[in-house]
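What follows is a set of notes on a single structure, which appears directly below.
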Amino acid sequence: MSVTMPKRWYRSRRNQIVIIVFIAASIIYYISLSDSLQREQNLDITRRQSVIEYIERRLEQSLRQDKGSGCEIPRLDPFSKEVTQFDKDIPKVMCLGTDWVKCYHSKCRVVPKILSTTKDIVCSYQDIIYESDQKYTIGPPTEVRGDNEYVLTKSDHVKVKCSGKHRDSILPSKWTGHSIGFRSTVHPDLPPPGREDSLNVLILGFDSTAKNGFIRRMPKSYKVLNEILGATILNGYNIVGDGTPAALFPILTGKTELELPDVRKKMKNNRTLDDMPFIFYKLKDEGYRTAYFEDMPWIGTFQYRFNGFKNQPADHYLRAFYLEESNSGKKWWKGSQNKYCVGDTPQYKLMLDITDQFLRLDGKRFAFTFIADITHDDFNMISIADEDTAEYLRRFHDRYREDTLLIVMGDHGPRYAKVRDTLQGKLEERLPLMAIRLPEKLKKIRTEAEKNLKDNAEVLTTPHDIYATVLDVLDLTQFTNTYRVKGADLNRGLSLLEPIPKNRSCSEAGVEAHWCSCLSWQNVTDDDVMFRRTAAALVDFINHLTEEKRSVCAVRSLKSVSWVMRARPNSGVLTFVEARDQDGYVGKFGNKVKQTRENYQLKIAVGPGHGIYEALVTYVITEDRFEINTREISRTNA
């Protein structure tokens, strides 16, 4: 008897051919990617020193190629359909109830509205006392009756429980809440002789806020920055790494995370950030009162991956307050209806209010306020703060413009939103908001500072420059970090009050290729279909402009094309997917993002006569059409 064995699927000649084709296609696909993928030879991302050496080596290699080449800053339309398709309207935050108690500076008392409707009021105040970033305690209760005040001495924040009898009810009324002020026991050191009148600083930051995103979603605030405050918007401000720490470490210390002691939680070494050279510590010695306000402590900049501080870094610090008020973030995670509120006030507005209170205190002042709750999970939420932020900026102009440096900034653009899947979204992530308004006193003393700042708006700049600029404004340049990338002629951090060379490149500024938003212009050959299409589109546009004057303006025709260039982001930006490691030190790369728009520069000659024109033309790939603006056309002969 014969038995027929079943034929194995892989012995089929047809299947073998399919397997071979699949393997060959995979190899070809990998090879096609290899040119655009970042090569990471001898890199062990588990060893910090290996990462440091790798980054330094990459910057040094890049510097050999781009030194002195400058930066072509992408000109991105804030209202391009590529990004506005993700915009949505968000209703205003409505906070319930009325807070019985408010604090102003060191004095807390029942508000007039409650006093007018409720009698026999008794409030119990308990200080929220900071012990470390990981621990706080609630102090013993102190009872205060009626309209008497409670004075803050041990802490800037209190937990309050009140009861009384409402005039329209026989039942007792009760309220529990939290309030913020400034304890009366903070006494800054005397400033060094001759340093009594140095300038104040306010840095107001918004998480995940690109320059273009701010223009789109905060139009009133942007208008106040531009038209009332006359702030300088840095169009070439580029991030230097992944996430908030990559922005705030350079701004507040002049160094990157990798140049500072390793205090990551996973190292389990119990080291804290207290030994790092934060600007708060320098300013304490200069007689400044300091504040660091951040509103989401469960994902705090210096606590999420790091061990945080053992002692609060600034005189006034909100971490203990928000941990208590939010129940260590549980209010947020449980999706509470009032998660954007602290009592009867939107949290972002509380941050603005407490910042304004701080600026009204005596003495020299430095404040860094960082608002995250309305931008971190959904950037569209920022629009609810537009009116209040605009009003705050108007008040700043009226009260503080004489002696206070104002910086309004984003740490980076959107990192996880859908908009980041587009090329413009990727570039916006790398181009956060940075607006600077110099104090009037400084402009009178250093007459060239404002001009230099405005000139530097179109040059590549980074967080390292912000640190150098703040020190320059405060006349503390002895603390400037003079680090240079190996082979560079310029310091990595440069003051914006002095001219920054226009030929500064990303490598010289310490920006790795996959974070660099600068464009390169590639020559388009005459056998490329876009060589003639762009020229024809420009001629058609010129003829359209003169249509109404056809009786005196002849129809132009194309005589010649001198050159056409196509703008290209570097391959690192196009292929960057996300951080390869938890700390965001090293990039992970994949397929190139699909472009929906291309920019071209070209030079043409038209007849009759011999008119020479240069122009920037945008080709909308997804719609197969061109966009041209009259401001971007130049006639280069008479």
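The values are calculated or read from the model by the stated rules, or taken from the named source; none is laboratory data. Everything numeric in this text was worked out from a predicted model, so none of it was measured. Because the Cβ atoms are built from the backbone with ideal geometry, glycine has one as well, and the counts that use them run over all protein chains shown. When the accessible area is computed, the model is the full protein with side chains, heavy atoms only, and any ligands, DNA or RNA have been set aside. Shrake-Rupley method; radii C 1.70, N 1.55, O 1.52, S 1.80 Å.
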* To do: Could you tell me which numbered condition R109 fails, if it satisfies all but one of (1) outside any strand (DSSP E or B); (2) of a type in the set (K, R); (3) open to solvent by 60 Å² or more (accessible area, probe 1.4 Å); (4) within 30 Å of F366 (Cα to Cα)?
  => (1)
* **Residue satisfying condition, being over 24 Å from the mean Cα position of the chain (by Cα) and either open to solvent by 10 Å² or more (accessible area, probe 1.4 Å) or among the hydrophobic types (A, V, I, L, M, F, W, C) (or both), within set M267, M276** => M267
* Could you tell me which numbered condition K266 fails, if it satisfies all but one of (1) modelled with pLDDT of 95 or more; (2) farther than 30 Å from C71 by Cβ; (3) in a helix (DSSP H, G or I)? => (1)
* Asked: For residues in region 403-423 being open to solvent by less than 10 Å² (accessible area, probe 1.4 Å) and not small (G, A, S), which is farthest from the chain's Cα centre (by Cα)?
  -> T404
* Would you check which residues across region 220-244 are over 12 Å from L431 (Cα atoms) and assigned to a loop (DSSP other than H, G, I, E, B) and list them? => L229, G230, A231, D242, G243, T244
* Where residues in region 188-219 are touching a Ser or Thr at 6+ places or on another chain (Cβ under 8 Å) and assigned to a helix (DSSP H, G or I), which of them is surrounded by the most Cβ atoms within 10 Å (Cβ to Cβ)? -> F214
* **Odd one out for W332 among (1) touching a strand residue (DSSP E or B) at 6+ places or on another chain (Cβ under 6 Å); (2) among the aromatic types (F, W, Y); (3) closer than 15 Å to D295 by Cβ** => (1)
* To do: Looking at (1) under 30 Å from E623 (Cβ atoms); (2) loosely packed, with under 15 Cβ neighbours inside 10 Å; (3) touching a residue at least 12 places away in the same chain (Cβ under 8 Å), find the lone condition where G97 falls short.
  => (1)
* The listed residue being of a type in the set (D, E, K, R), closer than 19 Å to A509 by Cβ and open to solvent by 20 Å² or more (accessible area, probe 1.4 Å), out of E440, E458, E429, E448 -> E458
* **Top-ranked residue in region 342-355 [being more than 23 Å from the chain's Cα centre (by Cα) and more than 28 Å from I279 (Cβ to Cβ); ranked as surrounded by the most Cβ atoms within 10 Å (Cβ to Cβ)]** => G343
* Return yes when E402 is farther than 23 Å from M296 by Cα, touching a Lys or Arg at 6+ places or on another chain (Cβ under 7 Å) and without any contact (Cβ under 8 Å) to a residue 40 or more places away in the chain and no when it is not. => yes
* Asked: Could you count how many residues in region 81-90 are open to solvent by less than 40 Å² (accessible area, probe 1.4 Å) and either among the basic types (K, R) or more than 20 Å from the chain's Cα centre (by Cα) (or both)?
  -> 1
* Structure fact -> Conditions (1) outside any loop (DSSP other than H, G, I, E, B); (2) touching a residue at least 24 places away in the same chain (Cβ under 8 Å) -> S155 fails only (1)
* **Where a residue in region 299-322 is open to solvent by 10 Å² or more (accessible area, probe 1.4 Å) and its partner, wherever it lies, is polar (S, T, N, Q) and part of a strand (DSSP E or B), with Cβ under 7 Å and at least six apart** => K310/S132; D315/T290
* Structure fact -> When every residue in region 112-125 that is in a strand (DSSP E or B) and surrounded by fewer than 21 Cβ atoms within 10 Å (Cβ to Cβ) is compared, the one nearest to the chain's Cα centre (by Cα) is S124
* Which is touching a strand residue (DSSP E or B) at 6+ places or on another chain (Cβ under 7 Å), modelled with pLDDT of 85 or more and open to solvent by 20 Å² or more (accessible area, probe 1.4 Å), of E72, E60, E56? -> E72
* **Unique match (being closer than 20 Å to T389 by Cα and not aliphatic (A, V, I, L, M)) among Q312, Q303, Q347, Q337** => Q347
* Asked: Hey, does region 126-133 have a residue that's over 31 Å from the mean Cα position of the chain (by Cα), surrounded by 14 or more Cβ atoms within 10 Å (Cβ to Cβ) and polar (S, T, N, Q)?
  -> yes
* To do: Could you grab me the full set of residues in region 117-174 that are among the charged types (D, E, K, R) and touching a Gly at 6+ places or on another chain (Cβ under 9 Å)?
  => K119, D120, D127, D133, K154, D156, K159, K161, K174
* Residue check, H376 of a type outside the set (D, E), at pLDDT below 95 and either surrounded by fewer than 16 Cβ atoms within 10 Å (Cβ to Cβ) or under 30 Å from L283 (Cβ atoms) (or both) -> yes
* Filter pass, L225 being modelled with pLDDT of 95 or more, open to solvent by less than 40 Å² (accessible area, probe 1.4 Å) and closer than 16 Å to R401 by Cβ -> yes
* Positions within region 175-194 being of a type outside the set (S, T, Y) and in contact with a Cys (Cβ under 7 Å, 6 or more places away or on another chain), in sequence order -> W175, I180, G181
* Structure fact -> Checked region 519-532 for anything open to solvent by 40 Å² or more (accessible area, probe 1.4 Å), of a type outside the set (G, A, S) and touching a residue at least 60 places away in the same chain (Cβ under 8 Å); matches are W521
* Residues satisfying the stated conditions in region 604-638, i.e. assigned to a loop (DSSP other than H, G, I, E, B) and of a type in the set (D, E) -> D624
* Mind checking whether some residue in region 333-340 is hydrophobic (A, V, I, L, M, F, W, C) and buried (at least 22 other Cβ atoms within 10 Å of the Cβ)? -> no
* Asked: Would you pick out the residues in region 469-518 that are farther than 16 Å from I55 by Cβ, open to solvent by 30 Å² or more (accessible area, probe 1.4 Å) and of a type in the set (K, R)?
  -> K502
